[in-house]
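The values are calculated or read from the model by the stated rules, or taken from the named source; none is laboratory data. Being a predicted model, the structure only gives us computed values, none of them experimental. Here the Cβ positions follow ideal geometry from the backbone for every residue, glycine too, while neighbour counts run over all protein chains shown.
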Amino acid sequence: MKKLALHWQIMIGMIAGVIFGILMKSVPNGAAFVKDWIYPFGIIFVKLLKLIAIPLILASLIKGISDLNDISKFSKIGGRTIGIYLMTTVIAVTIGLGIVNIIQPGKGMSQTAIEQLEKDYADDPSVVTKLNTAQAQKEAGPLDFFVKMVPDNFISAGASNGRMLEVIFFAIFFGISMLLVPNEKVIGVKSFFDGLNDIVLKMVDLIMLIAPVAVFALLANVIVKIGTGVIAMLAWYAFSVLLGLLLMVAVYLMAVKLLTGRNPLSFLKGISPAQLVAFSTSSSAATLPVTMECVEEHLGVEKEVASFVCPVGATVNMDGTSLYQAVAAVFIAQALQFDLSIGDMLTIVLTATLASIGSAAVPGAGMVMLVVVLESIGFPAEKLAIGLALIFAVDRPLDMCRTVINVTGDATVAMLVGKSVGKLGDPKVKNWDDHLEQVGG
């Protein structure tokens, strides 16, 4: 398989994982075998990606900002990045609302199905945890997002991938400060971060060597845990989400074609390794190292742009999650016969957009923010657990799909910003063994 392109290797691993998972569902103790002997390889892969996420953000952002040599360039990149991210999020929520109101998947839910899902999932510990987490999020002040963005201790912030925004703030602050110091005084520091960045990117190459095996393990574990009967009950809801996500991909491809002049198929081919890893891990944060490498090497976005747009996107850009929240909120309202007005729809657009900014880039975070969206339209508090129970069974597979959209959105915005500031060049793909002959003896 060495001559086969990486994205094809990963695709083969995914298909094999699905088939293996289906087979193991019919084998006695098959699920236990997958959990104990297959799934750990997937966990190791995800942990390796998370291991290098913080060093990569720190090194690439500091290097990217210090290479600009002009603070005004950074402010231009930052402003355009945030502006486009907000725009795509509003588009995603609007598409979600349009789809769910046309298809109306909640209208077709029988009372028997609702009662069965409530019985199976309303008291699930994961549902209870998400409700508690959402309550804490709701009690936060209006400026809490900005307060949390500023760390009081960089060492503790850098010790947790969940505090990525704080690391990004420190890296930007550090990089800008470097620009304000004479170059001859910081040349050693700059060389250190340049070298660190190259080393971490090489680590990404090495980790991706096991990606086909890892996605096999991750997909096999997902398949053995999914109940096909539940999926059948929620088929129209799942279809609505997936259709919305596909339309969002179409929006990205149109933007790439019209605003950068690049071939949309080449764009998909270039970002496909990151999309496949995102699908397997359900985590934008875990996929970040792969996303950044694809954006820089396969799409030709220069480091000055990619090093800022991608980490910020992994934290604040959740187009797929926002679209899902819109569909899920209306679906739950339809199924539980809670009427929504035009004002409620507008509230969902606003709340889902703002909620996506604070949504953690980890599996299942979208459901936490869904509670916030539901409460914003006055959904009865006593029915929140029932509402989450309706969609909980298919949340993980849909989470996998919406994470692909999140990552694709990050890559799209990186290309758009890169084109707008003259930092979009030709792809320059690097392989893990580029320097091997010199050190191989």
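In region 396-433, what count of residues is obtained for those that are touching a residue at least 60 places away in the same chain (Cβ under 8 Å) and in a loop (DSSP other than H, G, I, E, B)?
So the answer is 10.
For region 295-328, name all the residues that are part of a loop (DSSP other than H, G, I, E, B) and at pLDDT 90 or above. Even if it seems obvious, please write down each step before you answer.
First, pick out the residues of region 295-328 that are part of a loop (DSSP other than H, G, I, E, B): 299-300, 302, 317-318.
Leu299, Gly300, Glu302, listed by residue number.
Is it the case that Val349 is within 27 Å of Val167 (Cα to Cα), at pLDDT 90 or above and either of a type in the set (Val, Ile, Thr) or touching a Leu at 6+ places or on another chain (Cβ under 7 Å) (or both)?
When the stated conditions are applied, Val349 does not pass them.
Mind telling me which of the residues Asn263, Asn317 ends up being in contact with a Phe, Trp or Tyr (Cβ under 6 Å, 6 or more places away or on another chain) and either without any contact (Cβ under 8 Å) to a residue 60 or more places away in the chain or buried (at least 18 other Cβ atoms within 10 Å of the Cβ) (or both)?
Just one listed residue meets the conditions, Asn317.
Which numbered condition trips up Ala140, out of (1) in a helix (DSSP H, G or I); (2) modelled with pLDDT under 90?
Looking at each condition in turn, Ala140 falls short on (1).
Restricting the search to region 89-114, which residues are in a helix (DSSP H, G or I) and farther than 18 Å from Val327 by Cα?
Narrowing region 89-114 to residues in a helix (DSSP H, G or I): 89-103, 105-108, 111-114.
Matches in region 89-114: Gln111, Thr112, Ala113.
Exactly one of (1) aliphatic (A, V, I, L, M); (2) surrounded by fewer than 24 Cβ atoms within 10 Å (Cβ to Cβ); (3) within 30 Å of Gln9 (Cβ to Cβ) is unmet by Leu323. Its number?
(2) is the only condition that Leu323 fails.
Can you go through Asp434, Asp395 and tell me which one is surrounded by fewer than 20 Cβ atoms within 10 Å (Cβ to Cβ), at negative phi and at pLDDT below 95?
Asp434
Scanning region 152-193 for residues that are assigned to a loop (DSSP other than H, G, I, E, B) and either among the acidic types (Asp, Glu) or under 25 Å from the mean Cα position of the chain (by Cα) (or both), which turns out surrounded by the fewest Cβ atoms within 10 Å (Cβ to Cβ)?
This residue is Asp152.
Residues to consider are Leu23, Leu49, Leu56, Leu117; find the one that is assigned to a helix (DSSP H, G or I) and closer than 30 Å to Leu336 by Cβ.
Numbers: Leu23 fails: closer than 30 Å to Leu336 by Cβ; Leu49 fails: closer than 30 Å to Leu336 by Cβ; Leu56 fails: closer than 30 Å to Leu336 by Cβ.
Answer to the selection: Leu117.
Please pick out the residue among Gly79, Gly42 that is surrounded by fewer than 17 Cβ atoms within 10 Å (Cβ to Cβ), assigned to a helix (DSSP H, G or I), over 17 Å from the mean Cα position of the chain (by Cα) and not hydrophobic (A, V, I, L, M, F, W, C).
Gly79
Within region 119-137, identify whether any single residue is surrounded by 16 or more Cβ atoms within 10 Å (Cβ to Cβ) and at pLDDT 80 or above, and answer yes or no.
no
Between residues in region 270-295 that are touching a residue at least 24 places away in the same chain (Cβ under 8 Å) and among the hydroxyl-bearing types (Ser, Thr, Tyr) and residues that are surrounded by fewer than 24 Cβ atoms within 10 Å (Cβ to Cβ) and not in a helix (DSSP H, G or I), which pairs lie under 7 Å by C-beta distance while being six or more apart or on different chains?
Within 7 Å, the pairs are Ser282/Pro363; Ser283/Val362; Ser283/Pro363.
Among the residues of region 74-91, are any closer than 25 Å to Val181 by Cβ, without any contact (Cβ under 8 Å) to a residue 60 or more places away in the chain and among the hydroxyl-bearing types (Ser, Thr, Tyr)?
For region 74-91, residues closer than 25 Å to Val181 by Cβ, without any contact (Cβ under 8 Å) to a residue 60 or more places away in the chain and among the hydroxyl-bearing types (Ser, Thr, Tyr): present.
Are there any pairs, at least 6 apart or on different chains, whose C-beta atoms fall under 8 Å, with the first in region 358-374 and modelled with pLDDT of 80 or more and the second among the aliphatic types (A, V, I, L, M) and surrounded by fewer than 21 Cβ atoms within 10 Å (Cβ to Cβ), and if so, which?
From residues that are modelled with pLDDT of 80 or more, the pairs are Val371/Leu131.
Looking at (1) buried (at least 19 other Cβ atoms within 10 Å of the Cβ); (2) closer than 30 Å to Ala355 by Cα, which is the one condition that is false for Val147?
If we test Val147 against (1) buried (at least 19 other Cβ atoms within 10 Å of the Cβ); (2) closer than 30 Å to Ala355 by Cα, just (1) comes out false.
Return a yes/no flag: does region 182-197 have any residue that is at pLDDT below 90 and within 18 Å of Lys63 (Cα to Cα).
Looking for residues that are at pLDDT below 90 and within 18 Å of Lys63 (Cα to Cα), one finds at least one in region 182-197, hence yes.
Restricting the search to region 214-260, which residues are among the small types (Gly, Ala, Ser), in a helix (DSSP H, G or I) and over 21 Å from Val301 (Cβ atoms)?
Residues satisfying the conditions are Ala214, Ala217, Ala220, Gly229, Ala232, Ala235, Ala238, Ser240, Gly244, Ala250.
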